[in-house]
Amino acid sequence: MKGKLFYIGLIVTFGLSAIAHFTSWNHTVQFIIAAIAIIFVAGFLGKATESVAHYAGERIGGFLNATFGNAAELIIAIFLVKDGLFDVVKASLTGSIIGNLLLVLGLSVFAGGLKFKEQSFNVKLASHNSSLMLLGVIALFIPAVFSGSLTTKETSSMSMIVAILLVAAYLLWLLFSMVTHKNILSDEAIEHGEAAWSKSTSIIFLVLATAMVAFTSEWLVGTLEEVTHKFGLSELFVGAFLIAIIGNAAEHSAAVMMALKNKMGAAVEIAIGSSLQIALFVAPVLVIVSFFVGGTPMNIVFSTYELAAIAVAVFITKSISQDGSTNWYEGLLLLVVYIILGVVFFLV
């Protein structure tokens, strides 16, 4: 009965959100309905991820969750790049990276730590994740430092070369972690219980849930401009925090659900894996795409504020996750750093 009510709520709220969007209801009403809908969609995505993880393992389940979520984000960002809205794109990418590392991982570790005294995941995977996060910081930091001494054409060439190198590094990481060294980086054996659906149904529902996330997130984000104008919020704060939080709400919930079931491997893959995918794949791909859509290409030079936020998020996450174990206090530390960054971005 409880499950039936959930699916009724999912269909009704998603349907109402679609109607509110396409018939141009009041923006505040649209925002409220879409916010409620995304709660149900989040639950659906979490169930689908857990079911896929039952068959494929926590890492693959979390990776698919992050990939589908980022695919929707990539598609939206490509349209923004086509319109030349590079600052908004970079702010939202920054928000996604720090949001996943600090908010998503922080909430997952904190919530899971309240239920379980200590949670663990593959320590070798944690070490590799730390190295990849540092690569992301270096790849964004170096171009920003030297861009002042380069011409616009040189900056574009540098951005293209760095983007290609990052995409290659990420694809080779997938080969390394999923194929050649799969056994070394695999999850510790944890009893998963029974899967909610069959293997094929789980994958179909994961794709469906991701599509619903993309639509609901876009409808919700579409109402933000009018709402934020009332409060005089800056574009940087809206792009880096509000859009990142709301647009990724479903993935956030899925990671927390995994942690509460002591499946920290999946939670880490959703949070850290998603951030790595954005820094090493999504951002570089957007730079490459911008060269082919006409107009001025997007460079890979981020602002000082954005670089500082990403660097801080990476270093605190590396410090906490590199031993392969977590507790509720470490989750609290991540959340404190996120709040500090949020306050500063709000005041800038």
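Results, tabulated for the structure shown:
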{"item": "Conditions (1) under 15 Å from the mean Cα position of the chain (by Cα); (2) over 16 Å from Leu260 (Cα atoms); (3) of a type in the set (A, V, I, L, M, F, W, C); number of the one not met by Ala56", "result": "(1)"}
{"item": "Sole residue being in contact (Cβ under 8 Å) with a residue 24 or more places away in the chain, surrounded by fewer than 24 Cβ atoms within 10 Å (Cβ to Cβ) and among the polar types (S, T, N, Q), chosen from Thr49, Thr67, Thr94", "result": "Thr67"}
{"item": "Helices (runs of 4 or more DSSP H) contained entirely in region 1-85, each with at least 1 residues that are within 24 Å of Ile270 (Cα to Cα) and in contact with a His (Cβ under 7 Å, 6 or more places away or on another chain)", "result": "27-56"}
{"item": "Residues of region 193-214 that turn out to be open to solvent by less than 60 Å² (accessible area, probe 1.4 Å), farther than 20 Å from Gly15 by Cβ and either touching a helix residue (DSSP H, G or I) at 6+ places or on another chain (Cβ under 6 Å) or modelled with pLDDT under 75 (or both), as a count", "result": "5"}
{"item": "Restricting region 274-301 to residues that are crowded, with 24+ Cβ neighbours inside 10 Å and among the small types (Gly, Ala, Ser), the residue that is farthest from Val314 (Cα to Cα)", "result": "Ser290"}
{"item": "Pair list, Cβ under 6 Å, 6 or more apart: region 309-326 residue closer than 20 Å to Asn262 by Cβ, other residue surrounded by 15 or more Cβ atoms within 10 Å (Cβ to Cβ) and modelled with pLDDT of 90 or more", "result": "Ile320/Glu330; Thr326/Val109"}
{"item": "Exclusive hit being within 30 Å of Lys117 (Cα to Cα), modelled with pLDDT under 90 and β-branched (Val, Ile, Thr), set Thr304, Thr326, Thr296", "result": "Thr326"}
{"item": "Pick from region 101-116, criterion touching a strand residue (DSSP E or B) at 6+ places or on another chain (Cβ under 9 Å) and among the small types (Gly, Ala, Ser), ranking: surrounded by the most Cβ atoms within 10 Å (Cβ to Cβ)", "result": "Ser108"}
{"item": "Subset of region 302-333 (residues that are open to solvent by less than 50 Å² (accessible area, probe 1.4 Å), among the hydroxyl-bearing types (Ser, Thr, Tyr) and assigned to a helix (DSSP H, G or I))", "result": "Thr317, Ser321"}
{"item": "Selected residue (criterion: farthest from Lys124 (Cα to Cα)) from residues of region 215-272 that are modelled with pLDDT of 75 or more, of a type outside the set (S, T, N, Q) and touching a Phe, Trp or Tyr at 6+ places or on another chain (Cβ under 7 Å)", "result": "Leu220"}
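Results for (1) open to solvent by 60 Å² or more (accessible area, probe 1.4 Å); (2) out of contact with any Cys (no Cβ under 9 Å at 6 or more places or on another chain); (3) acidic (Asp, Glu), shown as yes or no for each residue.
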{"position": "Glu118", "(1), (2), (3)": "yes, yes, yes"}
{"position": "Asn122", "(1), (2), (3)": "no, yes, no"}
{"position": "Asn129", "(1), (2), (3)": "no, yes, no"}
{"position": "Met133", "(1), (2), (3)": "no, yes, no"}
{"position": "Ile138", "(1), (2), (3)": "yes, yes, no"}
{"position": "Val145", "(1), (2), (3)": "yes, yes, no"}
{"position": "Thr151", "(1), (2), (3)": "yes, yes, no"}
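The values are calculated or read from the model by the stated rules, or taken from the named source; none is laboratory data. On a predicted model such as this, the values are computed, not experimentally measured, just so you know. We place every Cβ from the backbone using ideal geometry, glycine too, and count neighbours over all the protein chains shown. Only protein heavy atoms, including side chains, enter the accessible area calculation; ligands, DNA and RNA are left aside. Shrake-Rupley method; radii C 1.70, N 1.55, O 1.52, S 1.80 Å.
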